[in-house]
Structure formats: structure tokens, C-alpha cells
């Protein structure tokens, strides 16, 4: 399995993504894509059925991290340094949400990412800009990958 395949498999099996029912669709070349099926357990307001903003925030952060990891030349630990999210509108109750992130620049210590959450491409629920710190020279943790 290639490196991007290992990253995708490992990121699909994080406790957070497993718990919310998310799915990593693509990771590689400085990009990441995810899908989150609608579930009642993700609703923040039972009266409206809208997915909680914290769920969207967590998925944007996860997707951005995938984009950064796949943009690096070698495996290194990263951590979210700054994540700005602008919510454009509430998610539509009952509809799945997609997330896309692109690493736009990597410096020696910082990687910069832009991402969006949407039902339909070009009509964002939320837009995100992030900065991730890169810990060069540190041994990255091995992803916990379940056996097939």
C-alpha cells in the first residue's frame, strides 16, 4: 500500500471519525476529502435537526490535517496552530456533508491550509483557513491501523 493509502486508512480509523460515522474519500498531493452522512446523533438542536457546529469544526480540522500530512515530503508530527472557521449557513437537516481541504503552502515550520464544508460544491456551509505547526526531526506516531 502506498503512503497516501496508509494515511487514508489510518485517518479513516481515528476514534473521532469512527464515532461520528465519517469517511475519508481521498488524501494525497496536499489535498483531503471527507464525507459525513447525516445522523441524529450529530444534531445540535433537536428542534431544527441541524448538525452541531462542533462536528463541522472537527471534520474541517481533520480534513486540513490530512491535506498537510499528504503535502509533506516525509512523515512528521503536526498540530493545529490556528483554525479560523466562517459559517456561511446552517447545514441542511438530513443531508450528508462533504469536506475538502488543500494545503496551499508549507514552510520550514508551518503549513497553511484552506478548506470548505458543503452539501453542493460551490455553496459552502463553512469556509476555513488554518495553520499547522510541523515538528521536524521528531518521530511521528505510527497510525493505528486495524488489520483487514
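Nothing in this text is a laboratory measurement; each read-out follows from the coordinates by a stated rule. Just so you know, these numbers come straight off a predicted model, no measurement behind them. Glycine gets a Cβ as well: all are built from the backbone with ideal geometry, and neighbour counts include every protein chain shown.
Let's test the formula: R0 of 22 Å, r as the Cβ-Cβ distance of residue 121 and residue 92. What FRET efficiency results, to the nearest 0.05?
Working: r = 14 Å, r/R0 = 0.66.
Once rounded, the FRET efficiency stands at 0.95.
Alpha carbon centre of region 24-44 versus region 53-122: separation in Å?
10 Å
How much length would be gained if the chain were fully extended between residue 23 and residue 114, taking 0.36 nm per residue of separation minus their Cα-Cα distance, in nm to one decimal?
Numbers: separation 91, 0.36 × 91 = 32.76 nm, distance 1.94 nm.
My answer for the length gained is 30.8 nm.
Would you mind ranking 76, 34 so that the residue whose beta carbon has the fewest other beta carbons within 10 Å leads the list? Walk me through the numbers on the way to the answer.
Values: 76 16, 34 25.
Least to most surrounded, the residues fall as 76, 34.
Please order 68, 106 by the number of other Cβ within 10 Å, starting at the fewest.
Details: 68 26, 106 17.
Ranking 68, 106 by Cβ neighbours within 10 Å, fewest first, gives 106, 68.
Counting other beta carbons within 10 Å of each residue's own, what order do 74, 96, 109 fall into, fewest first?
74, 109, 96
Kirkwood Rh over Cα pairs of region 3-134 into Stokes-Einstein at 4 °C, 1.567 mPa s: D in µm²/s? Show your work: numbers first, answer last.
Numbers: Rh = 14.7 Å.
Reported coefficient: 88 µm²/s.
Please work out how much length the chain gains when fully extended from residue 47 to residue 79, using 0.36 nm per residue of separation minus the C-alpha to C-alpha distance, in nm with one decimal. Provide the component values of the computation, followed by the final result.
Numbers: separation 32, 0.36 × 32 = 11.52 nm, distance 3.55 nm.
Additional length available on full extension: 8.0 nm.
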